[in-house]
Amino acid sequence: MTVTVLALTTPRPGGEMALQSYLDVVGPLMQAAGARLVSRHSVADTLAGTIPARFVSIMEYPSEAALRQVFESPAYLALEQIKATAFSQYQVSVLDRFA
């Protein structure tokens, strides 16, 4: 069963090199796991709440095992400092399907 993931991110000003380093690691990890980017959007306006993420991305993984293959990999886990430099906001959540 596919797993849908929502990422809310805001790149940190001045963190362009760290962002590229992050993408250089995560892109191949996602590809190897069979994940795909479903859609990516910039946030145009906030209707309720406080500081929104700048980007909303939806990814699809072929299985929970594929999801774990990425997020539990040593390469991904080693990105903590790079993520802190690349993003001022970084939140990734698994979505549940409603009938």
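Key figures for this structure:
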| item | result |
| --- | --- |
| In segment 21-78, residue nearest to THR2 (Cα to Cα) [restricted to those that are hydroxyl-bearing (Ser, Thr, Tyr) and touching a helix residue (DSSP H, G or I) at 6+ places or on another chain (Cβ under 8 Å)] | TYR61 |
| Selection from segment 47-66 of residues that are β-branched (Val, Ile, Thr) and surrounded by 10 or more Cβ atoms within 10 Å (Cβ to Cβ) | VAL56, ILE58 |
| Sole exception among (1) basic (Lys, Arg); (2) modelled with pLDDT under 95; (3) touching a helix residue (DSSP H, G or I) at 6+ places or on another chain (Cβ under 8 Å) for ARG12, by number | (2) |
| Yes/no for ALA7 being within 15 Å of the chain's Cα centre (by Cα), surrounded by 15 or more Cβ atoms within 10 Å (Cβ to Cβ) and modelled with pLDDT under 95 | no |
| Test: ALA84 is surrounded by fewer than 17 Cβ atoms within 10 Å (Cβ to Cβ), of a type in the set (Gly, Ala, Ser), modelled with pLDDT of 95 or more and out of contact with any Lys or Arg (no Cβ under 9 Å at 6 or more places or on another chain) | no |
| Failed item, numbered, when MET1 is tested on (1) more than 15 Å from SER88 (Cα to Cα); (2) part of a strand (DSSP E or B); (3) touching a residue at least 60 places away in the same chain (Cβ under 8 Å) | (2) |
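The values are calculated or read from the model by the stated rules, or taken from the named source; none is laboratory data. Everything numeric here is computed off the predicted structure, so don't read it as measured data. No Cβ is skipped: glycine too gets one built from the backbone with ideal geometry, and neighbour counts run over all protein chains shown.
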